[in-house]
1. Among the residues of region 49-88, count how many are surrounded by 10 or more Cβ atoms within 10 Å (Cβ to Cβ) and small (Gly, Ala, Ser).
2. Out of region 12-70, which residues are in a helix (DSSP H, G or I), within 18 Å of MET1 (Cα to Cα) and either not charged (D, E, K, R) or not assigned by TED's automatic domain parsing to the domain that holds ALA2 (or both)?
3. Starting from residues that are basic (Lys, Arg) and out of contact with any helix residue (DSSP H, G or I) (no Cβ under 9 Å at 6 or more places or on another chain), keep the ones in region 39-58 and report whichever is nearest to ARG23 (Cα to Cα).
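The values are calculated or read from the model by the stated rules, or taken from the named source; none is laboratory data. Just so it is clear, the model here is predicted, and its values are computed rather than measured. Note that we place each Cβ from the backbone using ideal geometry, even for glycine, and neighbour counts take in every protein chain shown.
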Amino acid sequence: MAIDMTRLSERGQIVIPNEMRRRMGLKEGTRFLVMGLEDTIVLRKLELSQERIRLKQLLEKSRKKARRVGFTEKEIDRLIQSVRKVSR
């Protein structure tokens, strides 16, 4: 287990020391679950499954294509909701 010190910025940000970021493979945008109990804060790295990552990529690709065709964001959301209702 690695231990190091850091501090809270004026904006509520905490810097994770570089060596820990490197060792744990943390990159900008990495998501964490934050748990607090009394005077202890625990950060746990959230890892998306490959299936969820692929689903997010497909969704973004579909949204871009729909925008190019001329669908509005509202129309896209309505279409997604209608497909979800049919799938249940």
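1. 3
2. Step one: filter region 12-70 for residues in a helix (DSSP H, G or I), giving 18-24, 50-69.
This time we only want the ones that are within 18 Å of MET1 (Cα to Cα), so: 18-24.
Within region 12-70, ASN18, MET20, MET24 meet the criteria.
3. ARG44
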